[in-house]
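This report concerns only the one structure given below.
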Amino acid sequence: MLAIFKREFSMYFKTASGYIAFAIFAFLSGYIFVSQYASGKVNIASEITNLRSFFVVLIPIVTMGLFSEDKKRGTEVLYYTTPTNIASVVIGKFLSAMALFGIMFINVLVQMFITVCSGGVIDAGTMGAIVVYFFLTALFVAIGLFASAVTDSQIIAAIFSFLIILLIQLTSTISALISSTFNSFLSAKVFNIDPEKLSEFCSNVEKFINWFDPLSKTKDFRYGVFSISPLFYCACIAGLFLFLTYQVLEKKRWTQS
């Protein structure tokens, strides 16, 4: 696992993907911080929350080549024809992507230092935003890793992970739209449904869909309200996608055999 981690992590600095992701993150975080600093109201928690919105672009860039690049180079066959532990391969690649995002986050830590030196305050909300940042990063990286494992094309892997992450980020909007559609359709006289019961039903539909939204579950962290269950949920979803990635590779191992 350590060998896989070292190789994949070093590849980020031998190819363009790592530098592109780092440049985008540095530009966005710098722009947000400078804008806040100029206005005299620095809010690191708000900055981190805004940066998470760009995971839809950053995650595909970082993860699209983790497995598809091996297929391009022909090194993928080594995972299937040698006694390599597939789980170690998956975890090693996952940790390499997480390490890159950790290094990128140093930019925010520097901004926190500047804020404190300027008389600003780093409160519980900021710490909560940092915790959520890394848990959501783990979740989305696991999704990107799965996308890279199921296709031979980096472009398709990037598009696949982009769409999944975009859907997750738009869950609250989608739930409101579905609820509104149900309300408009079922409110017709032909159904003869009591308006109060219909409103309750549509509200429950919206709540049900939002229950799956990791962003909604973790939104209170930026206000300093901590809870274990949202983090456990994110960890479980990340674990699920890592397991699915393992299963995809394990199936290919048996096919190669």
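For the condition out of contact with any strand residue (DSSP E or B) (no Cβ under 6 Å at 6 or more places or on another chain) and modelled with pLDDT under 90, what is the one hit in Ser203, Ser161, Ser148, Ser175?
Only one candidate qualifies: Ser203.
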Task: Complete set of residues in segment 184-219 that are in contact (Cβ under 8 Å) with a residue 12 or more places away in the chain, open to solvent by 60 Å² or more (accessible area, probe 1.4 Å) and either among the polar types (S, T, N, Q) or closer than 21 Å to Ala138 by Cβ (or both) - done: Ser199, Phe212
Task: Restricting segment 214-257 to residues that are closer than 25 Å to Ala149 by Cα and β-branched (Val, Ile, Thr), the residue that is modelled with the lowest pLDDT - done: Thr255
Open item on the list: Looking only at residues that are outside any helix (DSSP H, G or I) and not polar (S, T, N, Q) in segment 1-55, which one is farthest from Gly224 (Cα to Cα)?
Closed with: Lys14
- [ ] Determine, yes or no, whether Phe160 is surrounded by 20 or more Cβ atoms within 10 Å (Cβ to Cβ), over 21 Å from Gly102 (Cβ atoms) and among the aromatic types (Phe, Trp, Tyr).
- [x] yes
Task: Criterion violated by Ile122 - all others in (1) modelled with pLDDT under 95; (2) open to solvent by less than 20 Å² (accessible area, probe 1.4 Å); (3) among the hydrophobic types (A, V, I, L, M, F, W, C) satisfied - done: (2)
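The values are calculated or read from the model by the stated rules, or taken from the named source; none is laboratory data. These numbers were taken from a predicted model, which means no experiment stands behind them. Virtual Cβ from ideal backbone geometry, glycine too; neighbours counted across all protein chains shown. The area values use the complete protein model at the heavy-atom level, side chains included, leaving out ligands, DNA and RNA. Shrake-Rupley method; radii C 1.70, N 1.55, O 1.52, S 1.80 Å.
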